[in-house]
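Student: Shown below is the structure under consideration.
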Amino acid sequence: MAIETAVARAAYASDPGHSRGRLYGEPASPTRNAFRRDCDRIIHATAFRRLAHKTQVFVFHEGDHFRTRLTHTLEVTQIARSLARALGLDEDLAEALALAHDLGHPPFGHSGERALDQCLAHHGGFDHNAQTLSVVTRLERRYAGFDGLNLTYETLEGLVKHNGPLTDASGRATGHHAAHGVAQAILDYNALQDLELALYPGAEAQAGAIADDIAYDAHDIDDGLRARMFAIDELAALPLIGDILAEIEKGSRPSPPPPSLTLPRKREGSGQGQGGSREGGLEPARRVHELVRRLIARMIEDVIGHSKHLIGQCRPGSVEDIRRAGAPVVSFSPAMAQADRAIKAFLFPRVYRHPRIVRIMSDAQSVVTDLFARYTCAPHDLPLRDAPAEAPMGPRQIADFIAGMTDRYALSEHARLFDSTPELR
């Protein structure tokens, strides 16, 4: 499928020249549009830099080649921009949403999130999407005139609603929010600037959400193989992946370079978790990379094709039509959605619930729980903070502080306060 390199802005795309604006009014930039400024503010945020040292699935001890929250974020950003470009959406807004989507994740990935959720069980719980909103509206302190980054309405709306509406028209929480209600941080901000929680976000946010799914599938396969949690041939029974592996086996490699340009082959190390011998004439590492890149391409092409079909059916003439469409307009086809579910079902027991990961993440969860309990009982043990001296340190504020930690900082704080700290190996 040929994909055009550039598509004119669609009528249903978000337009930075007609943004709903920022909570705090600011003069326009003479060199950057509103959504480009959002991207730049996110990139320069402290929380963004910390993503380099936060766990995706594997903790930093595992090796330098595994994804972190930052490398995951960059991969999501690349995919989101590709989707936005092909669908005529605003690329800068899609980029801003992808760059910011994981800013609220605490250390140690979903294990850290579960620990904080348990610690705050009687205080509204912990949700990383709500925490992301808190980071960009309250916790970043870089500007003289306001807390947070003062991002545009469209970026904030997309961060909060990228998975769809949070409430029904009557304001009742829906979806996975139905059990515990919409997070208080979202409700508090919504009282200041109505994010229309019962509506869908713009198409750029929907592109960012599905880009997250694509990136997860691809890089967790790559990292799982690298960690030797499963073999590549185990993937052959999965829809889509089996077809891709068969294509690779048939071999469509380019002609070899002239002898004068041929370099000595690097010996494939068994420690890479991608096999030792050559299979089908292709080096194991190349076979994995071929699989991953073709999987990403196939999924992107599917989303573009199916989304154009959905958009053609509802014929939106503005971003408001997208918000009120009643269903996403950027999504997988039914067949690709089934393949996506099969990949995630395969990875869940082999990666996310692998005994090694479960053991390490259990230890990581205890680190977060210990820190929360210690800071709660002995607030004088908190390190010096740059928050105003009068700022209270209740359970929510302690959770904010811990959520901002990197993996390494959480471990060093635990080692400072406790006699024994897990090694997470």
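The values are calculated or read from the model by the stated rules, or taken from the named source; none is laboratory data. No experiment lies behind these values; they were computed from the predicted model shown. Note that each Cβ is placed from the backbone with ideal geometry, even for glycine, and that neighbours are counted across all protein chains shown. What goes into the accessible areas is simple: the full protein's heavy atoms, side chains included, and nothing from ligands, DNA or RNA. Shrake-Rupley method; radii C 1.70, N 1.55, O 1.52, S 1.80 Å.
Student: What shape does the chain have by the C-alpha gyration tensor, where a ≥ b ≥ c are the square roots of the eigenvalues, rounded means a/c under 1.5, and otherwise prolate means a/b greater than b/c and oblate the rest?
Tutor: Here the chain falls in the oblate category.
Student: Quote to one decimal, in nm, the extra length available between R353 and A337 on full extension: 0.36 nm per residue of separation minus the C-alpha distance between them.
Tutor: 3.5 nm
Student: How much net charge surrounds H306 when only other residues with a Cβ under 15 Å from its Cβ are counted (Lys, Arg +1; Asp, Glu -1)?
Tutor: Net charge in that neighbourhood comes out at -2.
Student: Moving to a separate point now. So what's the net charge close to G148: Lys and Arg +1, Asp and Glu -1, counting the other residues with Cβ under 13 Å from its Cβ?
Tutor: Charge balance near G148 sits at -1.
Student: Rounded to the nearest 500 deg cm²/dmol, what is the calculated helix-only ellipticity per residue at 222 nm for the chain, with -39500 (n - 2.57) per DSSP H run of length n ≥ 4?
Tutor: Calculated at 222 nm, the ellipticity per residue is -15500 deg cm²/dmol.
Student: What does the charge add up to near A415, with Lys and Arg as +1, Asp and Glu as -1, over the other residues with Cβ less than 14 Å from its Cβ?
Tutor: -4
Student: Here's something else I'd like to know. Can you run phi through the Karplus equation (6.51, -1.76, 1.60; θ = phi - 60°) for region 162-174 and list ³J(HN,Hα) in whole Hz, with x for Gly and Pro?
Tutor: 4, 9, x, x, 9, 9, 8, 4, 7, x, 7, 4, 10
Student: Rounded to the nearest 20 Debye, what is the dipole magnitude of the chain about its Cα centre when Lys and Arg each give +1 and Asp and Glu each give -1 at the C-beta?
Tutor: 760 debye
Student: What are the DSSP H helices in the chain that stretch 18 Å or more along their long axis, judged by alpha-carbon atoms, and whose average Kyte-Doolittle hydropathy comes to at least -0.5?
Tutor: On the way: long enough: 69-87 (27 Å, 0.14); 203-226 (34 Å, -0.33); 284-314 (45 Å, -0.10); 334-347 (20 Å, 0.36); 355-377 (33 Å, 0.27).
Span-like helices in the chain: 69-87, 203-226, 284-314, 334-347, 355-377.
Student: For the pair L310/A237, report the inter-label distance in nm, with labels modelled 7 Å from Cα in the Cβ direction.
Tutor: My value for the distance between the label points is 3.1 nm.
Student: Hull surface divided by four, with the convex hull built on the Cα atoms of region 105-237: how many nm²?
Tutor: Projected area, direction-averaged: 10.9 nm².
Student: Still on this structure, I have one more. Taking amide H positions as placed 1.01 Å from N in the peptide plane, with prolines and chain starts having none, which residues 5 or more places from R20, or on another chain, fall under 5 Å of its amide H?
Tutor: Y153, E154
Student: At a probe size of 1.4 Å, how large is the accessible area of S19, to the nearest 10 Å²?
Tutor: Number for this one is 30 Å².
Student: At 1.4 Å probe size, with no ligands or nucleic acids counted, give the accessible surface of T31 in Å², nearest ten.
Tutor: Accessible area, nearest 10 Å²: 120 Å².
Student: Continuing with the same structure: Computed over the Cα atoms of region 319-373, what is the convex hull's projected area averaged over all directions, in nm²?
Tutor: Details: hull surface 28.3 nm².
It is 7.1 nm².
Student: Tell me, what % of the accessible area of region 79-144 is carbon and sulfur with a 1.4 angstrom probe? Write down the numbers at each step before the final one.
Tutor: Working: 870 of 1970 Å².
The value for region 79-144 is 44 percent carbon and sulfur by accessible area.
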